[in-house]
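*Asks:* Before I ask anything, let me first share the structure, which is written out below as structure tokens.
The values are calculated or read from the model by the stated rules, or taken from the named source; none is laboratory data. Just so it is clear, the model here is predicted, and its values are computed rather than measured. Cβ sites come from the backbone with ideal geometry, for glycine too, and all protein chains shown count toward neighbours.
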Amino acid sequence: MYKALVCDNDLSILNSISNSLQMLGISDVKLCSQPRTALELSTVCCPDIIFIEAAPPINGIDLAEAIRKNSPALIILLLGNFDEKLVKQAIASQIDSFLAKTAIAKDPASAVRISIANARLAAVLRNKLEKVERTLAERKTIERAKGIIMLKEKLSEEEAYRRMRNHSMSQRTSMVKLAEEILDFYL
């Protein structure tokens, strides 16, 4: 069962999102109007989805970044208006999706459903990107270590790689860990 947290100082927005979430089968919905309360609830209740108002008195972007440090929840920023500066800040932060309050007023259930779908997609893509970046960094480390072995031992690329692989297997350590040890030793 999914859990949700909604932080907004507008009671009608809180109720619209809460009702929409319940229509989508999310019955465990916590509501608040204060950033401090939202931060506490995000830690204590461990919601899967968090809606945060962007505009003052709640600084939604700072709140989202604080929550992101301790929570893997999907974070959806509620925008009352599309202030260009705010939108740029939000894009640069760890927001998974945006939801215009005007869309909530017109068709709350559809707006909430679409923002959740977008947030899920963004989270999947972010995780895949992080994995690709990690893999690329590991490959670069292995390639650098292989290059050092080639130079120091005057080996071909294939032989240097074979030695690294054999040593990695015999020591039961990963290639990247071995590569890091080689780099630490020679650099």
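*Asks:* Restricting attention to segment 138-178, which residues are assigned to a helix (DSSP H, G or I) and either closer than 30 Å to Gln94 by Cβ or assigned by TED's automatic domain parsing to the domain that holds Gln94 (or both)?
*Replies:* Correct list: Glu138, Arg139, Lys140, Thr141, Ile142, Val176, Lys177.
*Asks:* Right, something else. What number of residues in segment 110-145 are small (Gly, Ala, Ser), in contact with an Asp or Glu (Cβ under 8 Å, 6 or more places away or on another chain) and under 22 Å from Ile52 (Cα atoms)?
*Replies:* Residues in segment 110-145 being small (Gly, Ala, Ser), in contact with an Asp or Glu (Cβ under 8 Å, 6 or more places away or on another chain) and under 22 Å from Ile52 (Cα atoms): 3 in total.
*Asks:* Another question, then. Would you be able to tell me the number of residues in segment 45-60 that are surrounded by fewer than 16 Cβ atoms within 10 Å (Cβ to Cβ), over 12 Å from Leu86 (Cβ atoms) and either out of contact with any strand residue (DSSP E or B) (no Cβ under 9 Å at 6 or more places or on another chain) or among the acidic types (Asp, Glu) (or both)?
*Replies:* 1
*Asks:* Where the second residue is of a type in the set (Phe, Trp, Tyr) and the first is farther than 20 Å from Gly60 by Cα and lies in segment 3-30, which pairs have Cβ atoms under 8 Å and are six or more apart or on separate chains?
*Replies:* Listed by first residue and then by second, the contacts come to Gly25/Tyr2; Ile26/Tyr2; Asp28/Tyr2.
*Asks:* Cβ-Cβ distance below 6 Å, separation of 6 or more or different chains: which pairs start in segment 158-184 with a residue that is under 13 Å from Thr141 (Cα atoms) and modelled with pLDDT of 95 or more and end on one that is of a type in the set (S, T, N, Q) and surrounded by 18 or more Cβ atoms within 10 Å (Cβ to Cβ)?
*Replies:* Every condition considered, the pairs that remain are Val176/Thr141; Ala179/Thr141.
*Asks:* Right, something else. Hey, Thr135 hits all of (1) farther than 21 Å from Ile95 by Cβ; (2) assigned by TED's automatic domain parsing to the domain that holds Ala100 but one; which does it fall short on?
*Replies:* (2)
*Asks:* Have a look at Leu31, Leu86, Leu63 and point out the one that is touching a strand residue (DSSP E or B) at 6+ places or on another chain (Cβ under 8 Å), buried (at least 19 other Cβ atoms within 10 Å of the Cβ), under 30 Å from Leu129 (Cα atoms) and not small (Gly, Ala, Ser).
*Replies:* Among Leu31, Leu86, Leu63, only Leu63 is touching a strand residue (DSSP E or B) at 6+ places or on another chain (Cβ under 8 Å), buried (at least 19 other Cβ atoms within 10 Å of the Cβ), under 30 Å from Leu129 (Cα atoms) and not small (Gly, Ala, Ser).
*Asks:* Continuing with this model, one more query. Output the number of residues of segment 42-65 satisfying the condition of being within 15 Å of Tyr2 (Cα to Cα) and under 14 Å from the mean Cα position of the chain (by Cα).
*Replies:* 3
*Asks:* Would it be correct to say that Lys69 is modelled with pLDDT under 85, out of contact with any Leu (no Cβ under 6 Å at 6 or more places or on another chain) and of a type in the set (Lys, Arg)?
*Replies:* Spelling it out, it is not the case that Lys69 is modelled with pLDDT under 85, out of contact with any Leu (no Cβ under 6 Å at 6 or more places or on another chain) and of a type in the set (Lys, Arg).
*Asks:* How about segment 118-133: which of its residues are aliphatic (A, V, I, L, M) and touching a residue at least 24 places away in the same chain (Cβ under 8 Å)?
*Replies:* Result: Ala119, Ala122, Ala123.
*Asks:* Being farther than 14 Å from Ile17 by Cα and touching a residue at least 24 places away in the same chain (Cβ under 8 Å) is the filter; apply it to segment 89-114 and report the residue that is surrounded by the most Cβ atoms within 10 Å (Cβ to Cβ).
*Replies:* By that ranking, first place goes to Asp96.
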